[in-house]
Structure formats: C-alpha cells, structure tokens
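Novice: Sharing a structure here in structure tokens format.
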Amino acid sequence: MFLDLDKKERTRIAAIDDSGEALTYGELCDFAAEFRRYLPERALLFLLSENCHGSLLGYVGCLSNGIVPLILSARTEESLYTNLRDMYRPAYLWAPEAMAETLGYAEVFRAHGYVLLATGNAPVAMHPDLALLLPTSGSTGSPKLVRHSLRNIEANADNVRRLFQLTGAEKAMAILPMHYTMGLSVIASHLLAGATLLLSGRSLLDRGFWSTLKEATSFTGVPYSYELLMKMRFTRMDLPKLEVITQGGGKLTPEMFRALAEYARDKGKKFIATYGQSECTARMAYLPAELALEKTCSIGFAEPGGQLSIVDAEGNETFEGEATGEMVYRGENVTLGYAYGVEDLQKGDENHGVMHTGDLARRDADGCYFIVGRLKRFLKIFGLRIGLDEVENLIKQEYKADCYCKGDDEKLVVLVMDPALVEALPGFIEEKTHLFHKNIEVRLVDAILRNEAGKVINQ
C-alpha cells in the first residue's frame, strides 16, 4: 500500500486536525479501500485541498488505488480553476462539502466533510507511471503542472525520513498547504515513519495555532512563516516539546537565518535549512544543524539518496571542489516532467532522474552549496514561484498594455508606461499570484526598450 500505511499499527494516530479529532492509520487504510469502490482505476481527479482529515484521506485514497489527483487549493482563484478544469477534463472532484452546490456536479458519496463529485467527463489517457499532478509552486494562471510517479513520492518521503531520522514518536506541525510541494513532503515523510501529523489551516496569528504548536516536536516553515513568528517573539516562547525547526520555500535573510540558528543552539533544538523544487518532489538539499552558524544561508549538501553537482559556464560538470555555475540534482525523486495540457499526461519519464535547477550556485571547499542567483526568469518570494513571463502575459491579456517584470526574492517589480496601471496593477497581481501587496512594486517608465528579437534591453 502507498507509504506502507497498511504495515503501521492500526490504532496509532496518523493525524489530528483543527477539529481536534484524531484519525488512525487503520482508518486511513479502511477509507482507501472504501474509496476504491466508487472510482475506476486510473481516473483523473481534482482534489480541492484544505489541511484537514477529508483532504488527507482523499490524497491517500487516490495514491493507494491508482487514481491520479491534481491537488489544488480549495481557495484557488476561479479563473485558474476553470482554466485547468477545461484543459484537463477531470472525471471526478474531491472537494469540501461547502463547495458541492457551487461546483454543480453529481454527488457520488461524502465523508469526513468532503464530497466526491462526478463531472461526466470521459476518461483521459494517462501514462501508467503517472501518479500525481501538482501546480508549479505559486502557479500564476498557467496550466503547467508537474508530473509525479509513485516512486518519486515514496523516494522523497524515504529520503526525508532518513535525513530527519523520523520515528513514530514524532508529532509534526503541518501548516504548509497540501497543494504546495513542501507541505506534501512533510505529510508523506511522516506518514511513512508512522508519525502523527498536526494538520492545521489556522493562521499563525490564531491563538489555536499556538496551542497546537506547543504539542509539536517539529515545525516546517517558509521565510514568511518565520518573519511572522519572529514578530511575535517566537524565540522567547516556552516550547519544550519542539525539537526541530526546518525551513524551505526560498531564502531567509542572513539575519533571520542566524537568529534561528542561535535560537536552536541556545534552546537545545535543531535548525535545519533545506532547499527544494516542485520538480524534485520538494526537498533536494539540507544543511546539517551543526553547521547552521558556521555556514549561514547555505543549503548544505544533497539529501540522502540524492547527488548535487555544478555545471560551469564552459559546460564542465564537477562534483567536488570550489566551483560556481548551474546546480544540477540527481535522484529518484526527480519528477517525470511537465504537463502543459491533457495530451502530456500520456508522456513517460522525460527527466530520467536528472534536474537542471536553473539556480546559480557556489560550492565551497567543504562541499557546501550556496544559491547565489537564478538563471531562469522566475522569482521565489516567500515560497511562491512567480514566473515573470506568466505575469507579463496576464497583464497584457487583461489590460492590453506593454509591461516588463523583474525583481528579486523580496519583491516583484513591474515596469509600465500607462499611469493608470500604477494604481490598478498591485491589486490585480495580488489576486492572481497571492503575493502580499508589500512585495509588489509598479514603476512608471517612459519606454520599455526592446531589440529586434523583441527582448527587453537595459531595464
């Protein structure tokens, strides 16, 4: 069974969500068997996720029975959902009960606050290795998805289990969304270990969040999570059960990185920074806790089961010694490839275990890797991957105006020539990308200069 769930003690608690109710490993297995009664094998299903039992059960039910889910947020922006629905034509939806009437499809059955809906769409052809679809993190309206095999998911779960030495005694705070690759990695690795997930959809500002955190042995957050926690004086709180704090989803500032490393040292905890991409089923590299103060902002080494290298400007690939160039990752968790439309679901493995990350990295004499820039046109702001070309296309489609996007891992900058867009665009971009207003800047310029090939120059 998926993640060897049927080999866990049936009475062991697999998850507790915001309702306070416990879900056992036996109940996970029983639900997977029930789910199979209602769906044909190899059906394509959209899972509209929340961090709750119903969503978790749908995920396990799909992966245990050869049903292929595309996991989306239950709060996915309507135009993006409609675009994906029309392009991929799912046969079923697994959605919160409150959405059933709005979605308007025939109900098949309901359980744990979720409902299975049949869309009436004909089955779509899919490759036998395809097990899961996820949007590229922070998708901005593009139908581009990442294709995962079952082996990708289970290999990553095992790599993370070994990396963190996870056991059944763990209680992992799981606040990152299920449709986000890092959130799903936390879930899969802890289920493989027979641990307990503390599933929560609460805001970090919610009092209930803090009550749950006091019971957790580990917490995984993105930079924005830690920014909020620091403002709330997280490092002064009494959290005796918390043993490990981990970070992914983008770079921390050096100051934040050191503050967390010092907190862990002073309180007898471990701070482990990690690096990952959707294309590699989340985590790919980690910095051992004992190096957190010595190697500030490093992503460390490849996770167990993986291998890192650098390809320099001349195309030479090296695996050790000081070097700078594009970072390349190898491992069984490298996904099958992308899907840009329903026909791509028939494709097999296009990556063959090798991922050119698009990140410019430096490897020091000790073999530690540091991300120093990006080779591709995307930003990663608080864990959201923002495709600059995609944002430009959204603006051009909506406003019929020329623009140019750039920025860094702190802010998206949009250059425009129409004064009216300076006020109009921040709200539009916020809605489409889920970035915060403070991370969006719209600048008025006299001209956006392009060469004969149409590429922007000197901006």
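The values are calculated or read from the model by the stated rules, or taken from the named source; none is laboratory data. Because the structure is a prediction, the values reported are computed rather than measured. Ideal geometry is used to build each Cβ from the backbone, glycine not excepted, and the neighbour counts take in all protein chains shown.
Novice: Only residues that are in contact with a strand residue (DSSP E or B) (Cβ under 8 Å, 6 or more places away or on another chain) and assigned to a strand (DSSP E or B): list them for the range 111-138, please.
Specialist: Of everything in the range 111-138, those that are in contact with a strand residue (DSSP E or B) (Cβ under 8 Å, 6 or more places away or on another chain) and assigned to a strand (DSSP E or B) turn out to be 114, 115, 116, 117, 118, 130, 131, 132, 133, 134, 135.
Novice: With at pLDDT 90 or above, in contact with a Ser or Thr (Cβ under 8 Å, 6 or more places away or on another chain) and exposed (fewer than 14 other Cβ atoms within 10 Å of the Cβ) as the only criterion, which of 317, 398 stands out?
Specialist: Going through 317, 398 in turn, the sole match is 317.
Novice: Test residue 108 against the stated conditions and say whether it is aliphatic (A, V, I, L, M), under 16 Å from residue 72 (Cβ atoms), modelled with pLDDT of 95 or more and not in a loop (DSSP other than H, G, I, E, B).
Specialist: No; evaluated as a whole, the condition is false for this residue.
Novice: Only residues that are assigned to a loop (DSSP other than H, G, I, E, B), surrounded by fewer than 24 Cβ atoms within 10 Å (Cβ to Cβ) and among the β-branched types (Val, Ile, Thr): list them for the range 252-293, please.
Specialist: Within the range 252-293, 253 is the sole residue that qualifies.
Novice: For the range 294-303: of the residues being touching a strand residue (DSSP E or B) at 6+ places or on another chain (Cβ under 9 Å) and not in a strand (DSSP E or B), which is nearest to residue 161 (Cα to Cα)?
Specialist: Only one residue tops the list, namely 303.
Novice: Does residue 39 qualify as being among the hydrophobic types (A, V, I, L, M, F, W, C), within 23 Å of the chain's Cα centre (by Cα) and buried (at least 20 other Cβ atoms within 10 Å of the Cβ)?
Specialist: no
Novice: Now, a different point. Taking the criterion of being crowded, with 17+ Cβ neighbours inside 10 Å, more than 25 Å from residue 298 (Cα to Cα) and touching a helix residue (DSSP H, G or I) at 6+ places or on another chain (Cβ under 9 Å), would at least one residue in the range 370-387 satisfy it?
Specialist: No, there is no match, as no residue in the range 370-387 is crowded, with 17+ Cβ neighbours inside 10 Å, more than 25 Å from residue 298 (Cα to Cα) and touching a helix residue (DSSP H, G or I) at 6+ places or on another chain (Cβ under 9 Å).
Novice: If you go through the range 9-28 one residue at a time, do you hit one that is surrounded by 22 or more Cβ atoms within 10 Å (Cβ to Cβ), part of a helix (DSSP H, G or I) and in contact (Cβ under 8 Å) with a residue 12 or more places away in the chain?
Specialist: Yes: the range 9-28 contains one or more residues that are surrounded by 22 or more Cβ atoms within 10 Å (Cβ to Cβ), part of a helix (DSSP H, G or I) and in contact (Cβ under 8 Å) with a residue 12 or more places away in the chain.
Novice: Among the candidates 213, 191, 228, single out the residue that is touching a helix residue (DSSP H, G or I) at 6+ places or on another chain (Cβ under 8 Å) and touching a residue at least 24 places away in the same chain (Cβ under 8 Å).
Specialist: Only one candidate qualifies: 191.
Novice: Here's something else I'd like to know. Residues in the range 239-251 that are part of a loop (DSSP other than H, G, I, E, B) and within 11 Å of residue 221 (Cα to Cα): how many?
Specialist: Selection size over the range 239-251: 3.
Novice: Considering the range 233-248 alone, what residues qualify as being surrounded by 12 or more Cβ atoms within 10 Å (Cβ to Cβ) and either farther than 15 Å from residue 173 by Cβ or in contact with a strand residue (DSSP E or B) (Cβ under 6 Å, 6 or more places away or on another chain) (or both)?
Specialist: Matches in the range 233-248: 235, 244, 245, 246, 247, 248.
Novice: In the range 239-252, is there at least one residue being in contact with an Asp or Glu (Cβ under 8 Å, 6 or more places away or on another chain) and either at positive phi or modelled with pLDDT of 95 or more (or both)?
Specialist: The answer is yes; a qualifying residue exists.
Novice: Could you please let me know if residue 348 is at pLDDT 95 or above and either under 26 Å from residue 303 (Cβ atoms) or touching a strand residue (DSSP E or B) at 6+ places or on another chain (Cβ under 8 Å) (or both)?
Specialist: Spelling it out, residue 348 is indeed at pLDDT 95 or above and either under 26 Å from residue 303 (Cβ atoms) or touching a strand residue (DSSP E or B) at 6+ places or on another chain (Cβ under 8 Å) (or both).
Novice: Follow-up question, since we're still on this one. For residue 335, which of the numbered conditions (1) of a type outside the set (A, V, I, L, M); (2) surrounded by 20 or more Cβ atoms within 10 Å (Cβ to Cβ); (3) in a strand (DSSP E or B); (4) within 21 Å of the chain's Cα centre (by Cα) fails to hold?
Specialist: (3)
Novice: Please name all residue pairs, on different chains or six or more residues apart, with Cβ atoms under 8 Å, provided the first residue is in the range 405-419 and is assigned by TED's automatic domain parsing to the domain that holds residue 438 and the second residue is of a type in the set (S, T, N, Q) and surrounded by fewer than 18 Cβ atoms within 10 Å (Cβ to Cβ).
Specialist: So the pair list comes out as 406/459; 415/459.
Novice: Which condition from (1) charged (D, E, K, R); (2) part of a helix (DSSP H, G or I); (3) modelled with pLDDT under 90; (4) surrounded by fewer than 16 Cβ atoms within 10 Å (Cβ to Cβ) is the one that residue 452 breaks?
Specialist: (2)
Novice: Does at least one position in the range 80-103 carry a residue that is in a strand (DSSP E or B) and of a type in the set (Val, Ile, Thr)?
Specialist: no
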